[in-house]
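Heads up, the thing below is written out as structure tokens.
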Amino acid sequence: MESAKAFRVPRRALWRAGAREASPAFLFLFLVFVVPLSSLLLRSVTDPVLGFGNYEHLLSDLTYGRVLLNTFMVATVVTIVTLLLGYPVAWLLVILPTRVSRWMLAIILLSMWTNLVARTYAWLVLFQRTGVINRMLMEIGLIDTPIPLIGNLAGVTIGMTYIMLPFIVFPLQSSLAAIDPAIMQVAAISGARPYQVFFRVLLPLSLNGICAGGLMVFVMALGYYITPALLGGTSTMMLAELIAVQVQSLLNWGLGSAAAFILLAVTLALYALYARGLGLGRIR
Amino acid sequence: MSGRAPCVVSLRNLVKRFGATTAVDNVSLDVGEGEFLTFLGSSGSGKTTTLFIVAGFEDPTSGDVLVDGVSILDVPPHLRNIGMVFQRYTLFPHLSVFENVAFPLSVRRKPKAEIEAAVTDVLRLVRLETYADRRPNQLSGGQQQRVALARALVYRPRFLLMDEPLAALDKRLREEIQGEIRRIHQETGVTVLYVTHDQEEALRLSDRIAVFSHGRIEQIGTGSDLYNAPRSAFVGGFIGNSNFISCTVAEGGNDRCAIRMPSGQICAIRGSSPMATGQLVSLMIRPERIGLSTTASQAGPDCAIKVRICEATFLGESVSYKVTTEWGQSLAIREITGKSQDVPLNSGVDAYARWHSADTHIFAT
Ligand SMILES: Nc1ncnc2c1ncn2[C@@H]1O[C@H](COP(=O)(O)OP(=O)(O)OP(=O)(O)O)[C@@H](O)[C@H]1O
Ligand SMILES: [Mg+2]
């Protein structure tokens, strides 16, 4: 009894002790995240004039509205496509013998570790009017004239999907690996056809990974810069590009900050939704 | 067995190899209607693999599985109409108890009312009707396995496979659920193929037991067959307690032979198979078939050896002795209290261990 009591440290004390150890990190975060963010927020409502003019401007102007639409559309499509492509890959990683899956993992990681800009330029080369893809398609007679793959959303989506794939594969893999194969066997022997095993057992049990990976990709895609900048055109501008243009070229800090804040707000809202969904979905 | 009754499941020369290891080695058996047949064997003896072949999760290297006389090897698991309970907890964690049990019917697209009635019935059968709305992680291990059993029974499968369903439970709970399984087997009359490595569980539940060793069936028979007439030293040692004494045949014969004990003493034994002179054999005697007395010459038991008592433990209904023979081997003896005339012998005392030659099992080594 006594020893148990001795171990029960008051929560406050624990908090205080933990806070002391973590204070450098907190300070760092405060300096590099909270302070600039606050000043950005301040700027977004003060820059040319005090008020929500920047936000109004952003949300009402058709050009900016188009950028927002582009951003969400690309992010949504990229998330869906990476999920569809990544799920089978993650599943293979789980069920293949370790020797094979290790190789697969290495290939995925290798592509992740290759410099982002280099990879995007590689796509540029492939996507050109006279690039490998167009020439191949023409060679096999699928098309007569080169199709434009650069300067439109198709190129941006393909390029981003490729870059995001690992980010969806890893959370999916870990949530699939946590499922006991016996649960799928029991579903099968109970009479579930393969597609029923997938939709009624595998999919619900891997929902965690789908949400985690999907959210990660969606949020990353929302704020993605390099790929849309290199592979996209002016008509396919996304939010991050808009911010860059506003701040760098037009020195319009107020509008840029407001755009950044819309992005942040959406991200936070999505995260809240995800956390809440997890809390509800948790089997407790 | 059930005489001429048709076999529900027949395994025909089943072989399964994983690379160099032979997990299942030429297993053949027939399971009759309503029979409770148990695979008993130590870890790695191929029980699960055999069961998985029947379920369709593994393909045999060779051999066949017949259900009601028809091969099911080409039938995928979901069409085999088999119920299965696993060793691990395999309830669907995202579904309630009711939804878990309803799963097999719901994937068969049964009408809602029918599902509801069937699930309620089977939950009553496993006595968990009040738990229908719980989640699996709100149940104890024993309850989870009972729900799993209900889920395996709800669609009235042709037969039931159970792979060590109680292995993860503690002893008391295990015995309780063994009782439940017995009752459910009697109430439903379902044919069961059961796997365990616990001989007590096998004896308590089964009509017949197949003793597995290294992928082979060593012997198959009722519990008392296996106990009273083990066909090999392995079965004799696996079922119940036993003493083994390595001896040589002093004089062979077709039905009777003389055995030379390690002490040089000769015992006349009735052998089950012809023994050749000079052959090495191993004698097996059950602890409860050996009596202890302080004098050698008494009517009754015809085999007697000199022993020294090492340890005497009073266990209420019986006294358990550990004795040492002249050649230094230690034997276990169990005497029912009240049957023996003398007071329990103390350790350190010399005595005679005596048994009937008919109670001796002889195995070639
Ligand atoms: N997928 C597999 N690949 C390779 N070897 C396997 C595989 N499955 C089983 N084995 C081997 O086959 C043999 C029999 O295994 P099995 O699981 O059937 O034993 P068991 O009798 O069920 O044992 P336990 O009581 O431990 O469950 C073991 O030697 C095991 O290592
Ligand atoms: Mg097993």
Self-check item: For the stretch B:241-364, fraction of C-alpha pairs farther apart than 19 Å, in %
Solution: 45
Quiz item: B:C310 to B:D64: extension gain in nm, 0.36 nm per residue of separation minus the Cα-Cα distance?
Solution: 83.3 nm
Practice problem: Evaluate the charge dipole of the stretch B:241-364 about its Cα centre and quote only its size in Debye, nearest 20, assuming +1 on the Cβ of each Lys and Arg and -1 on the Cβ of each Asp and Glu. | Solution: 120
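Report, to one decimal in Å, the Kirkwood hydrodynamic radius for chain B based on all distinct Cα pairs.
On the way: mean 1/r = 0.0430 Å⁻¹.
For chain B, the Kirkwood estimate is 23.3 Å.
Would you mind giving the average projected area, over all directions, of the Cα convex hull of the stretch A:34-93 in nm² with one decimal?
Projected over every direction and averaged, the Cα hull of the stretch A:34-93 covers 6.5 nm².
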Quiz item: Distance in nm between label sites at B:E251 and A:E56, each 7 Å beyond Cα in the beta-carbon direction?
Solution: 12.3
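Can you give the direction-averaged projected area of the convex hull of the alpha-carbon atoms in chain A, in nm²? List each step's numbers first, then the result.
Working: hull surface 95.2 nm².
Its average projected convex-hull area is 23.8 nm².
Can you list which of the DSSP-assigned H helices in chain A have a Cα extent of 27 Å or more along the long axis and an average Kyte-Doolittle score of at least 1.0? Mind showing how you got there, number by number?
Working: long enough: A:62-95 (49 Å, 1.76); A:153-177 (34 Å, 1.53); A:253-281 (41 Å, 1.48).
Going by DSSP H runs, the hits are A:62-95, A:153-177, A:253-281.
Which value does Rg/Rh take for the stretch B:101-143 over its C-alpha atoms, Rh per Kirkwood? Walk me through the numbers before you get to the answer.
Details: Rg = 11.1 Å, Rh = 11.1 Å.
Using only Cα positions, Rg/Rh for the stretch B:101-143 is 1.00.
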Quiz item: Under the definition of Cα pairs under 8 Å and six or more residues apart, what whole-number percent is the relative contact order of the stretch B:1-113?
Solution: 25
Quiz item: Taking the Cα centre of the protein assembly as shown as the origin and placing charges on Cβ (Lys, Arg +1; Asp, Glu -1), which of A:V201, B:P60, A:P171 is farthest toward the positive end of the dipole?
Solution: A:P171
Exercise. May I ask you to sort A:S257, B:S273 by Cβ crowding, counting other Cβ atoms within 10 Å and putting the fewest first?
Key: B:S273, A:S257
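Suppose R0 equals 51 Å. What FRET efficiency, 1/(1 + (r/R0)^6) with r the Cβ-Cβ distance, do A:S235 and B:S71 give to the nearest 0.05?
Values: r = 64 Å, r/R0 = 1.26.
Working from the Cβ atoms, E equals 0.20.
What helices in chain B pass both tests, a Cα length along the helix axis of 27 Å or more and a mean Kyte hydropathy of 1.0 or higher, using whole DSSP H runs?
Details: long enough: none.
TM-like helix candidates: nothing returned.
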Exercise. Calculate, in whole percent, how much of the Cα-Cα pair population of the protein assembly as shown lies beyond 38 Å.
Key: 59
Quiz item: Relative contact order, percent, of the stretch B:7-237 when contacts are C-alpha pairs under 8 Å separated by at least 6 residues?
Solution: 28
Self-check item: Gain on full stretching of the segment that runs from B:N13 to B:A258 - 0.36 nm per residue minus C-alpha separation
Solution: 84.3 nm
Quiz item: If the chain between B:E176 and B:E114 were fully stretched, how many nm would it gain, using 0.36 nm times the residue separation less the Cα-Cα distance?
Solution: 19.3 nm
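Using the 10 angstrom Cβ neighbour count as an exposure proxy, how do B:F52, A:F72, A:F33, B:F39 rank, fewest first? Walk me through the numbers before you get to the answer.
Working: B:F52 21, A:F72 16, A:F33 10, B:F39 28.
Ordered by Cβ neighbours within 10 Å, fewest first: A:F33, A:F72, B:F52, B:F39.
Since every read-out is calculated from the coordinates, none of them should be taken as a lab result. These figures come from a predicted structure and were not determined experimentally. Counting neighbours? That spans all protein chains shown, and the Cβs are built from the backbone with ideal geometry, glycine included.
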